[in-house]
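Here is the structure we will look at, set down as structure tokens.
We did not get these values from a lab; they are worked out from the coordinates using the rules stated. Source: prediction; values computed, not measured. For neighbour counting, all protein chains shown are included, and Cβ atoms are generated from backbone atoms with ideal geometry for every residue, glycine included.
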Amino acid sequence: MLTKEERIKKKSRGLRGTIIDSLKDQLYGKLHDEDQIIVKFHGLYQQDDRDIREVRSKKKLDKSYSFMIRLRIPGGLINCKQWLSIHNISENNSTGVIKITTRQTIQLHGIIKSKIKPTIKYFHLNKLDSIATCGDINRNVICSTYVKKSIRKIIFEYANNISRMLLPKTRSYYEIWLDEDKIFEKKEERDPLYRDSYLPRKFKIALSVPPNNDVDVFANDLGLIAILDKEKNKINGFNITVGGGLSTTHGNDKTYSRLGTVIGFYNLKKHHILKIIYEVLTIQRDYGNRTNRKLARLKYTIDNYGISWFKKKLEDRIGFSLEKEKPFSFTKRGDDFGWIKDDEGLWRYTFFIENGLISDKKIKIKSTLLEIAKNSACNFLFTCNQNLMIIDINNENKKIIESILLKYGIHDYMNSISSIRKNSMACVALNTCPLALAEGQRYLPKLIDKIEIILNKYQLQKENIIIRMTGCPNGCSRPYLSEIGLVGLSYGRYNLYLGSNKEGTRLNKIYKKNMDESSILNELDHLFNFFKKEKLVGESFGDFSFRKKLTVL
Ligand code: SRM
Ligand code: SF4
């Protein structure tokens with residue numbers, strides 16, 4: 001039997017549902033039940049404050065509803081004016097915190113129902129939208145940030161073109177939020193790609209440029225690995241990976257994390273890349289599982305039918321054969337903080353943003369960025385490690401920015417951050433994520449305070465260990481691709497994973513289950529002691545865990 005979501009999508013009249021009526025309903029802060037599913041395709045999630053759920057329920061009050069909006073920013077690149085618009089909206093219509101996500105865009109939380117429309121209108125005026133950032137559809141297209149400027153221009157153009165090609169054709173977003181004339185009643189809309197049922201599940205695309213795998217390309221349904229010419233000035237083509245996806249479900253053995261499989265190379269001179277991407281989606285549309293959402297991602301379609309079947313099907317649909325994959329090698333995934341000069345002589349500055357949370361709480365990052373956006377010329381670029389770069393800065397603007405950084409103590413702050421913290425990521429989890437079983441971004445910083453003490457004890461403080469935490473096994477901060485992964489099991493308890501590598505080409509494995517804080521810290525103390533004594537020269541903690549088979553439960 002088709003899932004509830006399938007039936008709702010099909011009868012939604014191009015993702016309209018009854019959203020307009022839901023919005024008119026002043027009595028409730030929430031939307032009609034089915035609209036809560038449809039509205040995701042418009043980039044919105046209905047949520048409630050889980051911290052006060054119990055208190056409100058005791059007082060017989062309804063949940064405290066609000067909405068999260070996620071923007072579509074292919075490649076994570078925006079200009080100063082757009083940053084100012086995000087800043088203003090965050091101050092006026094949301095909690096004030098701007099959250100950089102693991103997919104290179106931003107989310108705002110706590111938007112009440114009556115503020116959704118003004119928020120979307122204001123973003124629209126600033127050439128920003130939230131179309132298709134959630135739902136069973138292609139999501140924000142992510143893209144490597146560490147590339148020569150000449151390559152960056154090309155790769156970002158691909159990200160934009162892919163994103164645009166895979167947008168739904170329905171005008172519902174424009175009608176509902178931007179008051180465009182209603183067209184559904186006048187003429188039937190046709191969407192040759194998504195038809196009326198869209199995809200069976202979310203779909204994710206990443207473009208990466210070796211040697212930095214900052215996008216975690218193998219975690220995506222579809223990955224493009226750029227193969228450059230010898231001088232590294234030109235892209236010859238892309239290796240294609242398919243079937244990546246990380247999420248698992250506790251207690252459901254049929255679910256698993258899977259790295260994308262490289263199925264071949266295509267030469268840009270000969271063929272058009274967009275055709276291949278489009279047809280990967282049509283295969284998933286036609287063969288993906290629509291009766292069980294837990295098994296509906298492309299990774300399961302591929303494993304169900306076989307990778308050779310998938311490749312043959314793709315080649316039949318695109319009308320040509322892929323070439324043999326080209327050699328490539330990744331060496332790292334992390335961000336390089338501080339000032340760096342790019343190949344065209346312009347400057348970039350990378351800020352460490354703990355768990356992607358921009359506010360003035362710990363250090364005045366939000367005020368710093370506001371002043372930079374108001375007083376200098378630069379662009380803003382989000383990274384898939386939840387950090388932020390300001391780029392395209394000339395010498396004159398560098399001076400202005402430098403004085404702002406000094407004024408707010410940013411250099412001192414950046415210098416005070418430990419290596420493990422710089423390589424940490426946590427998902428949102430509580431208090432807004434409805435699926436969270438444990439804390440994520442609110443807890444990891446405090447745990448790292450304690451882990452730092454243990455690392456210092458063994459003089460391991462300079463190790464760039466990648467640590468990632470999530471509040472549930474869905475894997476939003478990609479914990480299965482970290483050297484230390486902590487996956488929420490229940491409140492205050494996590495499963496500990498070890499053994500991924502720096503390059504993001506090996507999944508970690510579960511090491512111990514159901515650990516509270518003291519058992520995590522005791523275990524890490526023991527492991528770091530072992531690592532200190534027996535590590536090989538230059539060996540990372542992840543490779544050490546793998547070599548010592550610490551990954552076998
Ligand atoms: Fe995620 C669902 C947050 C990246 C796998 N994710 C959610 C929701 C929307 C919860 C929900 O369904 O109601 C979370 C919203 C929390 C909140 O309050 O804001 C949420 N996911 C996030 C973000 C914000 C985490 C972060 O702290 O940065 C990331 C937003 C990315 C973006 O801008 O689009 C985010 N989510 C990821 C990633 C990482 C990635 O894509 O590189 C994954 C693992 C990779 C993958 O897809 O396999 C991921 N999120 C999931 C899943 C499991 C999907 C599956 O295959 O089963 C869910 C649950 C679902 O879809 O049913 C989920
Ligand atoms: Fe929520 Fe789980 Fe994703 Fe964390 S990993 S944001 S808890 S769905």
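From the square roots a ≥ b ≥ c of the eigenvalues of the alpha-carbon gyration tensor of the stretch 142-286, which class results: rounded (a/c under 1.5), prolate (a/b over b/c), or oblate? Note, shape of the stretch 142-286 comes out oblate. Peptides 127-139, 445-457, 144-156 ordered by packing proxy, namely the average of other Cβ atoms within 10 Å per residue, highest first: 127-139, 144-156, 445-457. Fully extending the segment from Leu178 to Asn514 would add 116.2 nm, taking 0.36 nm per residue of separation and subtracting the current Cα-Cα distance. For the stretch 404-553, DSSP calls about 60 percent of its internal beta bridges antiparallel. Rg/Rh, computed from the Cα trace of the stretch 60-147 with Rh as the Kirkwood radius, has the value 1.00.
In the structure shown, the pairs Lys361/Lys399; Lys9/Lys121; Lys182/Lys294; Lys11/Lys312; Lys230/Lys324; Lys204/Lys326 are assessed against 30 Å; a Cα-Cα span above that value is assigned to Lys182/Lys294; Lys11/Lys312. Using only side-chain charges placed at the Cβ, +1 for Lys and Arg and -1 for Asp and Glu, the dipole size of the stretch 293-392 relative to its Cα centre rounds to 660 debye.
Indicate the gyration tensor shape class of the stretch 463-553 (rounded, prolate or oblate), computed on the Cα atoms with a ≥ b ≥ c the square roots of the eigenvalues: a/c under 1.5 is rounded; otherwise a/b larger than b/c is prolate and the rest oblate. Oblate, because a/c is 1.5 or more while a/b does not exceed b/c.
Applying a 4.7 Å cutoff between beta carbons, the unpaired cysteines of the chain are Cys80, Cys134, Cys143, Cys378, Cys384, Cys433, Cys472. Return the percentage of antiparallel bridges among DSSP beta bridges fully within the stretch 206-288, rounded to the nearest 5 %. In the stretch 206-288, approximately 85 percent of DSSP beta bridges are antiparallel ones. Distance cut-off 21 Å, Cα to Cα: go down the list Lys30/Lys362; Lys99/Lys148; Lys332/Lys446; Lys148/Lys332; Lys149/Lys398; Lys148/Lys341 and report the pairs above it. As for pairs spanning more than 21 Å Cα to Cα, those are Lys30/Lys362; Lys99/Lys148; Lys332/Lys446. With a cut-off of 18 Å on the backbone N, the residues of the stretch 22-55 near the modelled label site 7 Å out from Lys4 along Cα-Cβ are 30-41, 45-48. Using only the Cα atoms of the stretch 255-388, build the gyration tensor, take square roots of its eigenvalues as a ≥ b ≥ c, and label the shape rounded, prolate or oblate: rounded if a/c is under 1.5, else prolate if a/b is larger than b/c, else oblate. Prolate is the answer for the stretch 255-388, as a/c is 1.5 or above and a/b outweighs b/c. What does a probe at Lys169 reach in the stretch 193-217, counting residues whose amide N is under 17 Å from the point 7 Å along Cα→Cβ? Taking a point 7 Å out along Cα→Cβ of Lys169, the residues of the stretch 193-217 whose backbone N falls under 17 Å are 193-199. The label point for Lys548 and the one for Thr331, both projected 7 Å from the Cα toward the Cβ, are 2.7 nm apart. Label sites at Gln459 and Ser419, each approximated as a point 7 angstrom past Cα along Cα to Cβ, lie 1.3 nm apart. Relative contact order, whole percent, for the chain stands at 12, derived from Cα pairs under 8 Å and 6 or more residues apart. Could you compute the FRET efficiency for Glu323 and Lys399, with r as their C-beta to C-beta distance and R0 at 56 Å, rounded to 0.05? Efficiency, from the Cβ-Cβ distance: 0.70. Highest mean packing first, where packing is the average number of other Cβ atoms within 10 Å per residue, the peptides 360-368, 345-353 line up as 345-353, 360-368. Calculated [222 nm] ellipticity per residue, helices only, for the chain: -10000 deg cm²/dmol; basis is -39500 (n - 2.57) per DSSP H run with n ≥ 4, divided by all residues, nearest 500.
Each Lys and Arg Cβ is given +1 and each Asp and Glu Cβ -1; about its Cα centre, the chain then shows a dipole of about 700 debye. For the chain, the calculated P(r), taken from all Cα-Cα distances in 20 Å bins from zero up to the bin holding the longest distance, is 21, 57, 22, 0 percent.
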